[in-house]
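Visitor: The following block contains the structure, expressed as structure tokens.
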Amino acid sequence: MHRLLIAGAGGVTSYLLPVLLKTFQPEKVTLVDKDILEQRNLDRQQFNADAVGEYKAKALADMYNVDHRAEWFTTNIDARRYDLLICACDNHKARRDVLTVADMEQIPAIIGGNEYFDAEAYLYLPLWRGSPKDPRVFYPDIMLDNSGSPLNCTGELQEAFPQLALANMTCATHILHLMWTLFKSKADWEHRPHRFSTTEYKIS
């Protein structure tokens, strides 16, 4: 039984949760997000229409009977009781903070992201810090780019780059495959995939 802390309760997580809860039956799932559900989100995110105006984390928590925190994920989050961090946020500030917390607590992290059509997810283990498998190495913009962060914008930037429901679902699927690799695979780490991407149409 695994305890999961999920940063971001938007489109990707709305597709992730129903399959995750059927596949892994985790002991505890906590959603962390302060974003508010808006009517314009409903065309590509799996929420009930009557939850418009609520925190997205609360709306999903009510649907799937999981815990939630209506706050942004930062390096101040207490993640000591969790076995895995999942980042489904759409900005590098949150991804950077998830990686920092993973290093601080020595727990793995899976980061998912998508654009209009393309989607990807990658696994990070603290033992990979500074190696070619560290997202901060193969995506150096993570350390530099704060655009889209809810801590310093009002959401217009995210809405300027819409995402298909298909891309959200694909990203969620990539995350679930990496979770299976992490928790279920018996192969050694050198022979397990650590990244799935439709952008490059390959598994690495």
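Visitor: Which entries in the list LYS28/LYS56; LYS93/LYS133; LYS28/LYS93; LYS56/LYS184 go over 21 Å, if you measure between the two C-alpha atoms of each?
Guide: Checking Cα-Cα distances, LYS28/LYS93; LYS56/LYS184 exceed 21 Å.
Visitor: Let me ask something additional. Out of the DSSP beta bridges found with both residues in region 3-203, what percent are antiparallel (nearest 5)?
Guide: Looking only at bridges with both residues in region 3-203, the antiparallel portion is about 45 percent.
Visitor: Distance from a point 7 Å along Cα→Cβ of HIS2 to each backbone N in region 73-114: keep the residues under 12 Å and list them by number.
Guide: 83-87, 108-111
Visitor: Next up: Take the Cα pairs of region 99-143, get the Kirkwood Rh, then feed it into Stokes-Einstein at 4 °C and 1.567 mPa s and tell me D in µm²/s.
Guide: 117
Visitor: Please report the orientation-averaged projected area of the chain, defined via the convex hull of its C-alpha atoms, in nm².
Guide: 10.5
Visitor: I would also like to ask the following. What helices does the chain have that are whole DSSP H segments, at least 24 Å long along their own axis by Cα, and with mean Kyte-Doolittle hydropathy of 0.5 or more?
Guide: Those that pass (Cα extent of 24 Å or more, hydropathy at least 0.5) are 165-183.
Visitor: Here is a further query. Figure the gain on full extension for HIS177 and ASP141 (residue separation times 0.36 nm, minus the Cα-Cα span) and round it to one decimal in nm.
Guide: Stretched fully, the HIS177-ASP141 segment lengthens by 10.5 nm.
Visitor: Rounded to the nearest 0.05, what FRET efficiency do GLN25 and GLU115 have when you use their Cβ-Cβ distance and R0 = 25 Å?
Guide: With a Förster radius of 25 Å, E is 0.20.
Visitor: Summing Lys, Arg as +1 and Asp, Glu as -1, what charge do residues with Cβ under 15 Å from the Cβ of TRP72 carry, TRP72 excluded?
Guide: +1
Visitor: Sticking with this structure for a sec: With N residues in region 27-133, what two-decimal value do you get for its Cα radius of gyration over 2.2 N^0.38 Å?
Guide: So region 27-133 has a normalised radius of gyration of 1.14.
Here, each number is a calculation from the coordinates, and none is a lab measurement. Predicted, not measured: the structure shown is a model, and the values here were computed from it. Neighbour counts run over all protein chains shown; Cβ positions are idealised from the backbone, glycine included.
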